[in-house]
Amino acid sequence: MEDSAKTINQHGYMGDSRKIDVDDDPLKVVEIFGVAKTRRMYEDAIAEAGITDDRAKALCLKFAALEKSLDDSDRARAIYIYASSLFNLETDPDFWTQWLDFEQHFGNEDTIREMLRIKRSVSSLYQPNVNLSPELFFGE
């Protein structure tokens, strides 16, 4: 256990300023700090001001995987829902495939339908407005 603590400390767990890193093994962090503290660490890291989208995406995926490994599908689903607005369907198709696989394994018809509804909503966020000609606004 002491070796584990040293490894974790090299990834930013010093004193009271404990931060989770995307390279940390979530189960190792749980082993050291417990489930409740680890969850708070992930939540704090994701909510951190100025966090990049790439870091937030990676942390969300790690956090969802942790919750799946802890057999808490409701928490994992909530993380997928939260993270969904970060993942463009065109550039991040793996996220959507992973979430659908999760729902097919842990969910039901309603949760799959909800996931697909969210996917359509997010898709519209990333759709460029194709027809923004001045005529639309001012007429000809």
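The values are calculated or read from the model by the stated rules, or taken from the named source; none is laboratory data. Quantities reported herein were computed from a predicted structural model and do not represent experimental measurements. All Cβ positions, even for glycine, are placed from backbone atoms using ideal geometry, and neighbour counts span all protein chains on display. The protein model used for the area step is the full one, side chains on, heavy atoms only, and it has no ligands, DNA or RNA in it. Shrake-Rupley method; radii C 1.70, N 1.55, O 1.52, S 1.80 Å.
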Check: If ligands, DNA and RNA are left out, what is the accessible area of residue 23 with a 1.4 Å probe, given in Å² to the nearest 10?
Finding: 120 Å²
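Heavy atoms only, 1.4 Å probe, whole protein assembly: order 101, 74 by accessible area, highest first.
Values: 101 85, 74 110 Å².
The ranking, largest first, comes out as 74, 101.
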Checklist line | Candidate residues 31, 67, 90, 48: accessible-area rank, largest first, probe 1.4 Å | finding: 90, 31, 48, 67
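Taking Rh as the Kirkwood radius computed over C-alpha pairs, what is the Stokes-Einstein D of the range 14-86 at 20 °C in a medium of viscosity 1.002 mPa s, expressed in µm² per second?
Details: Rh = 12.3 Å.
The Stokes-Einstein estimate is 174 µm²/s.
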Note to self: On a 1.4 Å probe surface of the protein chains, which of 120, 39, 55 comes out largest in accessible area, and what is the full order?
What the structure shows: 120, 55, 39
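Report the equivalent ellipsoid semi-axes for the range 71-113 in whole Å, largest first, defined as the square roots of five times the eigenvalues of the gyration tensor built from alpha carbon atoms.
Working: eigenvalues 64, 27, 14 Å².
Taking √(5λ) for each Cα gyration eigenvalue gives 18, 12, 8 Å.
Would you mind getting me the FRET efficiency between residue 69 and residue 114? Use the beta-carbon distance for r and R0 = 30 Å, nearest 0.05. The partial results should precede the final answer.
Details: r = 23 Å, r/R0 = 0.76.
According to the calculation, E is roughly 0.85.
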Next item on the list: Once you have all Cα-Cα distances for the range 21-134, histogram them in 5 Å bins from zero and send the whole-percent values.
Entry: 2, 11, 21, 21, 18, 13, 7, 3, 2, 1, 1, 0, 0
